[in-house]
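Below you'll find the structure, written out as structure tokens, and then a few comments.
Read the figures in this text as sums done on the coordinates, not as results from a lab. Just so you know, these numbers come straight off a predicted model, no measurement behind them. As a convention, Cβ positions derive from the backbone with ideal geometry for all residues, glycine included, and neighbour counts pool all protein chains shown.
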Amino acid sequence: MASMIEGFRNAELCSKLVRQILKEATGSYRFMEVCGSHTMAIARFGIKSLLPENIELVSGPGCPVCVTPQCEIDALFEIAEKGAVIVTFGDMMRVPGSKGVSLQKMKSEGADVRIVFSPLDTIKIAAETDKEVVFVGIGFETTAPAVASLALTAKKAGIKNISITPYSKTMPEVLGLLLSDENLKINGFICPGHVTAVTGLSLYEPVVSAGMSAVVTGFEPVDILTSILEMVRQTNNGEFKAVNSYSRVVADEGNAKARSVIDEVYYKKGCWWRGIGYIEDSGLAFRDEYAEYDAFKKFDVSLQGDDEIEGCSCGEVLKGYIKPSSCSLFGTACTPESPVGPCMVSSEGACAALYKYS
Ligand code: SF4
């Protein structure tokens with residue numbers, strides 16, 4: 001595996017790709033990545049510094065922690081205050097609520113908050129306590145099958161003290177919103193490899209129909225530079241298609257088994273996105289047969305709107321309207337040590353990526 005990765009980091013190959021991009025990029029181009037892992041990889045490998053000024057890369061709403069709206073974060077804290085055991089991926093620990101608390105702070109004050117690497121770890125935790133155990137089910141199509149498997153497993157085993165916070169978010173609807181946003185003027189999308197591994201390339205038909213390129217790619221420098229060259233070429237030719245440059249992981253048709261697990265447990269429902277608002281059908285809610293696993297229903301908490309933390313511009317960053325450095329709090333009041341918004345907390349956040357690698 002090491003030598004395979006080295007191949008995708010090969011300096012000579014990267015130089016060759018950059019030279020070709022410089023040669024062919026005769027217009028002006030704006031490409032958006034809609035995956036937090038791409039945001040981090042672009043920053044980590046200094047991809048922007050290799051590109052000419054006429055190619056702009058902007059980040060979109062691809063970081064799951066970042067797009068989770070304040071109302072869902074606050075609802076989660078309300079559940080923790082009611083005495084539930086909270087089970088989460090590590091990224092959520094430091095996301096601040098609107099009252100300035102975080103799961104980390106609540107844990108330091110006695111709340112029972114556990115970090116896990118897999119949703120199914122929740123089963124073991126639930127077996128060791130009589131308390132309600134709530135898994136924080138954020139993410140996109142990538143993580144939705146694993147979260148759905150938790151509900152399936154709990155139901156099969158008759159476990160009653162587990163619930164899950166919906167909503168996983170789905171990509172087609174937010175992509176649709178980006179396509180119809182005349183302020184963005186995007187020429188192409190660096191498409192999320194892991195989401196596409198589930199959905200398949202058909203996800204990008206609307207992108208192509210709208211006259212933009214869509215290239216699914218991996219997370220190494222050669223992957224990313226290859227996708228940029230492909231998008232430059234498509235933009236120059238005015239001929240757009242979805243291309244899978246990540247075939248070592250992603251099958252064009254996606255993963256039908258993963259999609260069927262999602263379909264068995266969830267139905268599509270509108271939900272809130274941070275800074276973007278309510279998008280119809282953009283979330284996954286539990287079907288009636290699994291409604292007992294909906295933590296928001298079980299704890300009777302309501303979700304109210306998409307208020308942002310005062311002074312934080314995560315919403316504008318997530319829509320690609322501004323760069324993180326344009327936020328007046330960036331690097332001053334807001335740093336990874338003292339984050340104001342989730343884009344500075346998450347390991348996939350655009351603000352955290354810029355701060356760490358700029
Ligand atoms: S720098 Fe901080 S306050 Fe500004 S948008 Fe990013 S996370 Fe929000």
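For this structure, a couple of remarks:
- The stretch 301-345, residues that are within 22 Å of Phe77 (Cα to Cα), within 9 Å of the ligand (Cβ to nearest atom), in contact with a helix residue (DSSP H, G or I) (Cβ under 6 Å, 6 or more places away or on another chain) and outside any helix (DSSP H, G or I): Glu308, Cys334, Pro339, Gly341
- Residues being surrounded by 12 or more Cβ atoms within 10 Å (Cβ to Cβ) and free of Cβ contacts under 8 Å to residues at least 12 places away in the same chain - total across the stretch 93-130: 3
- Among the conditions (1) part of a loop (DSSP other than H, G, I, E, B); (2) surrounded by fewer than 23 Cβ atoms within 10 Å (Cβ to Cβ); (3) away from the ligand (no atom under 12 Å from the Cβ), Arg259 misses just one, which is (1).
- Residues being out of contact with any strand residue (DSSP E or B) (no Cβ under 6 Å at 6 or more places or on another chain), on the phi < 0 side of the Ramachandran plot and in a loop (DSSP other than H, G, I, E, B) - total across the stretch 185-216: 2
- Condition check for Phe219: closer than 23 Å to Leu179 by Cα, in contact (Cβ under 8 Å) with a residue 24 or more places away in the chain and surrounded by fewer than 22 Cβ atoms within 10 Å (Cβ to Cβ): no
- Residue match in the stretch 347-358 (condition: assigned to a helix (DSSP H, G or I), more than 9 Å from the ligand (Cβ to nearest atom) and not hydrophobic (A, V, I, L, M, F, W, C)): yes
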